[in-house]
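Reading through the structure tokens given below for one structure.
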4 protein chains.
Amino acid sequence: MEKRMLLTGFDAFGGESINPALEVVTRIQGSMDTGIGVINVRSLEIPTIFGQAIEKIHSVMREWQPHIVICVGQAGGRYQMTPERVAININDANIPDNDGQQPIDMTIVENGPAAYFSTLPLKKIVCELRSIGIPAAVSNSAGTFVCNHLFYGLMHIIATEYPKVKGGFIHIPYLPSQVIDRALPSMSLDDMTRAMHSVIKTCVNDLVIQEHTC
Amino acid sequence: MEKRMLLTGFDAFGGESINPALEVVTRIQGSMDTGIGVINVRSLEIPTIFGQAIEKIHSVMREWQPHIVICVGQAGGRYQMTPERVAININDANIPDNDGQQPIDMTIVENGPAAYFSTLPLKKIVCELRSIGIPAAVSNSAGTFVCNHLFYGLMHIIATEYPKVKGGFIHIPYLPSQVIDRALPSMSLDDMTRAMHSVIKTCVNDLVIQEHTC
Amino acid sequence: MEKRMLLTGFDAFGGESINPALEVVTRIQGSMDTGIGVINVRSLEIPTIFGQAIEKIHSVMREWQPHIVICVGQAGGRYQMTPERVAININDANIPDNDGQQPIDMTIVENGPAAYFSTLPLKKIVCELRSIGIPAAVSNSAGTFVCNHLFYGLMHIIATEYPKVKGGFIHIPYLPSQVIDRALPSMSLDDMTRAMHSVIKTCVNDLVIQEHTC
Amino acid sequence: MEKRMLLTGFDAFGGESINPALEVVTRIQGSMDTGIGVINVRSLEIPTIFGQAIEKIHSVMREWQPHIVICVGQAGGRYQMTPERVAININDANIPDNDGQQPIDMTIVENGPAAYFSTLPLKKIVCELRSIGIPAAVSNSAGTFVCNHLFYGLMHIIATEYPKVKGGFIHIPYLPSQVIDRALPSMSLDDMTRAMHSVIKTCVNDLVIQEHTC
């Protein structure tokens with residue numbers, strides 16, 4: 001049976017004119033054969049806005065019923081593709097979101113658990129990325145801005161409504177064009193797109209193998 | 001009249017299995033039309049060895065009589081394409097070269113000047129690179145290893161034998177595959193190759209325009 | 001009533017010969033008047049060993065019944081005093097601990113919550129440190145080595161046995177002497193000791209004020 | 001015979017309210033016994049202004065006839081005490097100086113040599129600093145702002161007027177108070193002052209030993 005994967009990317013924020021996450025996910029659409037399974041990927045733009053980000057992903061999950069959800073976000077200053085290990089129940093913004101909101105030390109879900117762990121195969125993702133020449137590492141913090149907010153929201157939706165769905169978040173570096181005159185790390189759009197194809201394949205195959213062994 | 005450009009790249013050193021400089025320059029060969037002039041580019045591998053590096057470039061310059069010489073080297077840890085401003089008259093190695101030599105605080109050319117400035121159009125190079133989305137900046141130090149050694153040697157050869165030739169050095173970042181498990185900056189081979197085409201074009205056009213205005 | 005504060009620091013690990021955390025906490029002992037309250041500080045060395053670290057802090061907490069527990073650890077590469085926001089339920093070691101153990105992706109407390117938040121006044125701590133000229137910031141990840149392990153263990157002990165006790169973790173930079181030939185950030189022992197005095201005062205006063213207002 | 005050392009530090013620039021260089025040099029004044037020789041140190045504030053900086057040091061050198069001149073400047077972002085190896089004949093400012101001047105690619109001394117090397121014992125300075133626990137390294141670029149400008153001006157004055165005088169430049173990190181909310185390296189005033197005493201001692205003893213062996 002064909003699996004469905006929802007792949008999300010934020011719009012630009014924080015003074016940037018583009019968001020590498022959106023650039024990458026909009027390049028990946030439709031059916032892919034991963035060798036073990038077939039996956040139908042749907043890309044979704046998410047507003048960098050507290051609240052609305054979670055509402056949008058929730059609405060599309062309800063309608064489309066994906067088996068896997070991977071959210072992608074920009075982590076300016078990072079060197080590597082970094083799948084996130086954990087989402088924490090807090091909004092604490094250093095800058096305003098795209099709607100001017102800047103929550104400080106607020107919980108995302110009242111009485112929700114302090115954190116959720118990603119259910120993506122983090123170490124396999126990193127291992128596969130490195131094997132194709134892409135710098136990668138597991139990250140232990142998705143921050144406390146809209147990225148972590150969406151990640152936590154996603155995992156809470158999964159935990160409370162769709163416990164069989166696999167979900168997680170991947171932070172990616174700046175594009176070279178965002179740092180032409182700054183000494184900051186970047187990764188090319190081609191490499192990040194190639195990397196996301198690898199991530200998708202790893203996640204799908206992991207899911208298929210799990211189902212066959214259970 | 002067609003111009004000749006010698007483009008050099010070092011072999012791997014310091015425990016690395018490849019050198020991005022060599023990867024890039026070997027991808028660029030033969031005639032290119034820059035819009036203003038035509039340039040014939042010859043790529044040359046240089047050993048990362050004090051002494052032999054200069055001897056090799058000297059020998060090919062004598063034989064082929066290039067109008068422009070650009071040496072390219074790896075600067076692990078840099079974020080940008082960095083044309084070097086100045087070569088200094090010193091060898092001071094932190095690690096052995098590929099022949100086991102590790103000179104400490106030795107002059108390159110006895111009684112040579114303390115330094116030579118690059119005669120490439122540094123600011124134009126940086127400006128053009130940024131205009132095509134490539135991170136770039138002028139660097140004020142080529143270090144004191146074989147890179148600076150070759151750069152100084154080149155400029156000394158030019159100053160004493162070929163005063164009309166333009167010469168300089170460009171340091172480039174690691175390739176992604178060199179830093180798959182390290183939090184260090186890198187640039188893709190495609191972007192660096194595209195960048196070097198821009199550098200070549202900028203240098204050739206600068207030379208042609210200078211000749212027409214003199 | 002005099003309050004009791006337990007202040008812990010790890011022994012050296014990872015090839016270092018000293019641990020700044022231990023250097024700092026052993027300089028702070030005995031009674032301090034914070035202006036609002038009086039605090040009796042007891043310093044405790046903790047082995048950088050999974051399991052034993054938690055056992056040791058547990059045993060001293062049972063015996064001495066502190067009102068506040070602050071654990072201090074070295075975060076090599078950090079620039080600032082960084083109170084940690086959250087401890088996560090995972091051991092995932094890049095290097096062996098001081099007993100040769102290197103757990104990979106293991107939970108700390110089976111069926112424990114995914115994370116615990118610090119109950120120290122993080123923002124006040126940072127604000128007070130900056131007001132006395134000390135670089136400081138809240139950190140969102142204590143890593144997945146023995147530091148996070150002890151932090152999680154502490155918060156689990158508090159949650160399950162001593163719910164009124166306040167607890168948390170502070171990561172501190174290298175000492176200058178640890179990085180004499182490395183381009184890595186450091187902070188002087190005097191500044192870090194001064195900083196810890198400020199942290200203690202902030203935490204005690206916060207506790208006293210909370211008690212008076214409840 | 002007592003030696004005279006001129007020690008200079010710039011005033012604050014680039015939006016900073018203090019300059020660590022000035023803070024350090026004003027703490028060091030008068031006679032010091034180095035064990036081998038006796039040195040009389042005079043501290044001098046230098047304006048961060050192209051032209052005036054060199055004029056001021058020139059004027060005091062003429063009047064006071066120092067045997068050694070060490071200029072100190074802030075290098076924001078550096079981790080270590082960094083004696084500079086070489087001054088280059090160029091002004092190329094990224095920001096305006098304290099008089100609003102921002103020269104681009106201008107020579108400092110027309111027809112002056114491309115560069116001057118420091119005549120301070122760089123490696124001994126670094127070695128002694130590390131031996132007392134201070135992070136230190138030789139730097140190969142003093143930049144192209146007023147620091148390099150003064151350094152080049154000093155070495156040109158020495159080369160053309162006082163060939164027996166020893167001279168050089170040392171870049172020092174930010175003070176902690178300058179980076180309280182920035183992830184940038186710093187060094188405490190106490191450590192930098194202790195470091196400068198070590199530098200002075202190393203330079204004086206090197207001069208005395210040279211004189212005795214010649």
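We did not get these values from a lab; they are worked out from the coordinates using the rules stated. A quick note: this is a predicted structure, and the numbers were derived from the prediction, not measured. Note: ideal-geometry Cβ built from the backbone for every residue, glycine included; neighbour counts use all protein chains shown.
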(request) Place +1 on the Cβ of every Lys and Arg and -1 on the Cβ of every Asp and Glu in segment C:1-61, take the dipole about the Cα centre, and give the residue among C:I39, C:P20, C:G9 whose Cα lies farthest towards its positive end. (result) C:I39
(message) Can you give me the long-range amide H partners of C:V41? Hydrogens built in the peptide plane at 1.01 Å from N, cutoff under 5 Å, separation of 5 or more residues or another chain.
(response) C:M5, C:G30, C:S31, C:M32
(message) Within chain A, which whole H helices from DSSP have a Cα span along their axis of at least 20 Å and a mean Kyte-Doolittle hydropathy of 0.5 or more, if any?
(response) A:146-161
(request) Send over the per residue convex hull volume for the protein assembly as shown, Cα only, as a whole number of Å³. (result) 194 Å³
(request) Of the DSSP beta bridges with both residues in the protein assembly as shown, give the percent that are antiparallel, rounding to the nearest 5. (result) 30 percent
(request) For n ≥ 4 DSSP H runs only, could you compute -39500 (n - 2.57) per run for the protein assembly as shown, divide by its residues and tell me the 222 nm figure to the nearest 500? (result) -10500 deg cm²/dmol
(request) Return P(r) of segment C:1-81 (all Cα-Cα pairs; 5 Å bins starting at 0; whole %; ordered from short to long distances). (result) 3, 14, 23, 23, 17, 11, 6, 1, 0
(message) I'd like the FRET efficiency for A:E2 and A:D190, computed as 1/(1 + (r/R0)^6) with the beta carbon distance as r and R0 of 41 Å, rounded to 0.05.
(response) 0.90
(message) I'd like to know how segment D:85-134 sits against the 2.2 N^0.38 Å rule of thumb: what's its Cα Rg over that expected value?
(response) 1.64
(message) Highest mean first, how do B:164-171, D:44-51, B:143-150 rank when packing is the count of other Cβ atoms within 10 Å averaged over residues?
(response) B:143-150, B:164-171, D:44-51
(request) Please give the net charge around B:G37, taking every other residue with its beta carbon less than 14 angstrom from that of B:G37, where Lys and Arg add +1 and Asp and Glu add -1. (result) 0
(message) What whole-number distance in Å separates the alpha-carbon centres of segment A:40-68 and segment B:27-85?
(response) 51 Å
(message) Residue by residue through A:174-185, how many Cβ atoms from other chains fall within 10 Å of the Cβ on average?
(response) 6
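Based on the Cβ-Cβ distance of B:S131 and C:Q65, what FRET efficiency does E = 1/(1 + (r/R0)^6) give at R0 = 56 Å, to the nearest 0.05?
For B:S131 and C:Q65, the calculated efficiency is 0.25.
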(message) As an exercise, use a Förster radius of 35 Å and the Cβ-Cβ distance of B:T26 and D:K123 to find the FRET efficiency, rounded to the nearest 0.05.
(response) 0.40
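So, counting K/R as plus one and D/E as minus one, what does the shell of residues with Cβ under 11 Å around A:L189 add up to?
Around A:L189, the surrounding residues sum to -3.
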(request) Express as a percent, rounded to the nearest 5, the fraction of DSSP beta bridges in chain A (both residues included) that run antiparallel. (result) 30 percent
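State, as an integer percentage, the relative contact order of segment D:81-144 based on alpha-carbon contacts under 8 Å between residues 6 or more apart.
51 percent
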(request) May I ask for the percentage of alpha-carbon pairs in segment A:108-156 that lie more than 16 Å from each other? (result) 49 percent
(request) Provide, for q = 0.18, 0.20, 0.23 Å⁻¹, the log10 of I(q)/I(0) from a solvent-free Debye sum over equal Cα point scatterers in segment C:95-214. (result) -1.13, -1.25, -1.35
(message) To make sure I understand, if each residue's beta carbon is the centre and we count other beta carbons within 10 Å, what order do A:I108, C:I172 fall in, fewest to most?
(response) A:I108, C:I172
(message) Order D:182-191, A:28-37 from most to least packed using the mean count of other Cβ atoms within 10 Å.
(response) D:182-191, A:28-37
(request) For segment C:3-213, state the semi-axes of the equivalent ellipsoid (square roots of 5 times the eigenvalues of the alpha-carbon gyration tensor), sorted largest first and rounded to whole angstrom. (result) 24, 22, 15
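Relative contact order (percent) for chain D, with alpha-carbon contacts under 8 angstrom and 6 or more residues of separation?
In percent, rounded to a whole number, it is 27.
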(request) May I ask you to report, in nm to one decimal and beginning with the shortest, the distances from D:I209 to the same position in the other copies, taking label points 7 Å along Cα-to-Cβ? (result) 5.4, 5.7, 6.2
(message) On a straight-distance basis, which lysines could pair with B:K201 in a cross-link, Cα separation under 22 angstrom, same-chain partners fewer than 8 positions away excluded?
(response) B:K3, B:K123, B:K124, B:K164, B:K166
(request) Quick one: work out Rg over Rh on the C-alpha atoms of segment B:33-119, Rh as Kirkwood radius. (result) 0.99
(message) Under 15 Å from a point placed 7 Å out from the Cα of A:Q210 along the Cα-to-Cβ direction: which residues of segment A:27-59 have their backbone N that close?
(response) none
(message) Based on alpha-carbon centroids, what's the gap between segment B:127-201 and segment D:161-186 in Å, whole number please?
(response) 28 Å
(message) Using Cα-Cα distances under 8 Å and only pairs 6 or more residues apart, what relative contact order does segment B:109-214 have, in percent?
(response) 32 percent
(request) Could you work out the mean count of beta carbons from other protein chains within 10 Å of each residue's beta carbon in D:131-138? (result) 5
(message) Give me the three principal axis extents of segment A:23-63 from the C-alpha atoms, as integers in angstrom, largest value leading.
(response) 38, 24, 12
(request) First select every other residue whose beta carbon is under 15 angstrom from the beta carbon of B:I158; then total the charges, Lys and Arg +1, Asp and Glu -1. (result) +2
(message) Can you compute the charge dipole magnitude of the protein assembly as shown about its Cα centre, using +1 on each Lys and Arg Cβ and -1 on each Asp and Glu Cβ, nothing else charged? Give it in debye, rounded to the nearest 20.
(response) 0 debye
(message) Compute, for segment A:3-213, the length of the dipole vector about the Cα centre, with Cβ point charges of +1 (Lys, Arg) and -1 (Asp, Glu) only. Units Debye, rounded to 20.
(response) 740 debye
